[in-house]
């Protein structure tokens, strides 16, 4: 079996680092479905996961609690909580969250708290970057609007429309699901099916179920696409390196010839002066 | 009696004539000596001039050699600096360039082969060749997936 050495790939095609890591992950590391939540801190990522799992596994607080990816297995799915975006001034955690999320996630929930209004510049930038990584991202990434119970229906509608416009402007085509984890919990705790229904959490879980069913074929397709992308990158780099080698060899020969010419010129010059 | 009276005159006249001859001989001798002296001095002057000329020519030659050496050294430095050749000094290349061209070519070429410019270019070629090998290896990995 061919082992993917990430360092070797990074050395030659560093721009493909994410693709290589993901490919290695798909081929060598995990056969289990991983669902990761990803988004700004305090937008309800951990709460959403805890609600899906039905236990308070992930820390949910007003301050940023998650500094590294945290995982929990539930119903044959590994749920992953990533560090909240925008909480770290230097952006290092954002980078780690993105790297981690892209590498391991079969499904990525891009979480946005509807109370925050439309998407901010940073969210758009990161969403664009993530969607650029995989042209088949529609089957992998979903925009989850959380805490819909905290705003009026009209306001929610308005924000949803604004976000759709934002996504359209940047050519991002994401399925949006609006949910309320609080309503779902209350519905489950108090046995109120209507609350569960209007929390729309079921649609989220349906997404995961359908994905689980298609996991193998989706992963195979994704791996094929990644292989193809990496092959193109390698090929481009090979062409470039060949050209570089050709010019380096030419320079090596030419430099030697030039030196010899200049040496003979120098000696002739001295000889002429000496005779004169 | 008259003849007797002439004797002193004759003696005087004889003496005068004799003196005159001696004087002529002395003058002639002096003249010869003066001419000989003149000739010697002229010869000496010529010799001195010739010596001065030789000395001047030697000085000029040395001056020209010094100028040539300086010029050759400056030009050699430019060449050696350009190709980052450090194991050969401008002075030694200049000396060789003036005295032994073929040795200058062989020495300078030998040092160029060890120069930083040449080794850097060689390293670059080697590194790119290795990079192509690495790419081929990764292509095999990808092909096998």
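The values are calculated or read from the model by the stated rules, or taken from the named source; none is laboratory data. Worth saying up front: this structure is predicted, and the values here are computed from it rather than measured. Cβ sites come from the backbone with ideal geometry, for glycine too, and all protein chains shown count toward neighbours.
Worth pointing out:
- From the options A:260, A:220, A:242, A:238, residue that is touching a helix residue (DSSP H, G or I) at 6+ places or on another chain (Cβ under 9 Å), facing chain B (nearest Cβ under 9 Å) and closer than 23 Å to residue B:145 by Cβ: A:238
- When B:102, B:92, B:115 are checked against the criterion of being exposed (fewer than 13 other Cβ atoms within 10 Å of the Cβ) and either within 31 Å of the chain's Cα centre (by Cα) or within 10 Å of chain A (Cβ to nearest Cβ) (or both), a single residue qualifies: B:102.
- Any chance residue A:101 is modelled with pLDDT under 85 and either at positive phi or outside any loop (DSSP other than H, G, I, E, B) (or both): yes
- Matching residues in region B:119-135 - criterion: being under 30 Å from residue A:269 (Cβ atoms) and more than 7 Å from chain A (Cβ to nearest Cβ): B:119, B:120
- Number of the condition not met by residue A:250 [criteria: (1) within 14 Å of another protein chain (Cβ to nearest Cβ); (2) more than 30 Å from residue B:75 (Cβ to Cβ); (3) out of contact with any helix residue (DSSP H, G or I) (no Cβ under 8 Å at 6 or more places or on another chain); (4) modelled with pLDDT of 95 or more]: (2)
- Selected residue (only one of A:183, A:245, A:263, A:195 is modelled with pLDDT of 95 or more and more than 30 Å from residue B:139 (Cβ to Cβ)): A:263
- The combined condition, being closer than 18 Å to residue A:258 by Cα and more than 9 Å from chain A (Cβ to nearest Cβ), is fulfilled by residue B:81.
- Unmet criterion (only one of (1) within 12 Å of chain A (Cβ to nearest Cβ); (2) part of a helix (DSSP H, G or I)) for residue B:41: (1)
- Test result for residue B:138, touching a helix residue (DSSP H, G or I) at 6+ places or on another chain (Cβ under 7 Å), over 25 Å from residue A:254 (Cβ atoms) and facing chain A (nearest Cβ under 10 Å): yes
- Note on region A:2-33: residues that are free of Cβ contacts under 8 Å to residues at least 12 places away in the same chain and facing chain B (nearest Cβ under 10 Å) amount to 4.
- Among the residues of region A:252-274, the ones that are surrounded by 15 or more Cβ atoms within 10 Å (Cβ to Cβ) and over 23 Å from residue B:64 (Cβ atoms) come to 6 in all.
- Of the residues screened, residue B:145 is one that is buried (at least 16 other Cβ atoms within 10 Å of the Cβ), out of contact with any strand residue (DSSP E or B) (no Cβ under 7 Å at 6 or more places or on another chain), over 21 Å from residue A:253 (Cα atoms) and within 7 Å of another protein chain (Cβ to nearest Cβ).
- Scanning region A:118-134 for any residue that is part of a helix (DSSP H, G or I), closer than 25 Å to residue A:55 by Cβ and modelled with pLDDT of 75 or more turns up nothing.
- All positions within region B:110-121 that are without any contact (Cβ under 8 Å) to a residue 12 or more places away in the chain and farther than 18 Å from residue A:242 by Cβ: B:110, B:113, B:119, B:120
- Residue list for region A:141-159, filter: in contact (Cβ under 8 Å) with a residue 40 or more places away in the chain and under 25 Å from the mean Cα position of the chain (by Cα): A:142, A:144, A:146, A:147, A:159
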